[in-house]
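The structure under discussion appears below in the form of structure tokens.
Each value in this text was obtained by applying a stated rule to the coordinates, not by laboratory testing. All figures in this text were calculated on a predicted structure; none of them were measured in a lab. Cβ placement follows ideal geometry from the backbone for every residue including glycine, while neighbour counts extend to all protein chains displayed.
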Amino acid sequence: MISALELRHIVESGLLPHSCTCSVNLKGSLLIKMIEPSSGRVELFVPGVFGST
């Protein structure tokens with residue numbers, strides 16, 4: 001299984017050049033937010049992504 005921290009790195013790297021932030025909560029799930037760099041508009045918002053079970 002892949003850890004939440006590894007998944008965070010993969011997602012943030014894979015969505016370049018967009019600005020992407022991933023937050024890991026205490027249960028280990030990710031909140032992913034991708035922002036379009038020129039407008040600052042949120043293009044993707046995904047809560048509760050799990051890297052492992």
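Taking amide H atoms as placed 1.01 Å from N in the peptide plane, the amide H of Glu43 lies under 5 Å from those of Met34, Ile35, Glu36, each 5 or more residues away in sequence or on another chain.
Computed from Cα atoms, the angle from the helix 4-14 axis to the main principal axis of the chain rounds to 30 degrees. The HN-Hα couplings worked out from phi for the range 39-44 by the Karplus form 6.51 cos²θ - 1.76 cosθ + 1.60 (θ = phi - 60°) are 9, x, 6, 6, 9, 8 Hz, whole numbers, x standing for Gly and Pro. The translational diffusion coefficient of the chain, from Stokes-Einstein at 4 °C and 1.567 mPa s with a Kirkwood hydrodynamic radius over alpha carbon pairs, comes to 116 µm²/s. Taking Cα centre as origin and charging only the Cβ of basic (Lys, Arg, +1) and acidic (Asp, Glu, -1) residues, the dipole magnitude of the chain rounds to 140 debye.
Relative contact order for the chain: what is it in percent, counting Cα pairs under 8 Å that are at least 6 residues apart?
35
Helical runs assigned H by DSSP (4 residues or longer) give the chain a calculated mean residue ellipticity at 222 nm of -6500 deg cm²/dmol, each run adding -39500 (n - 2.57) before division by the residue total.
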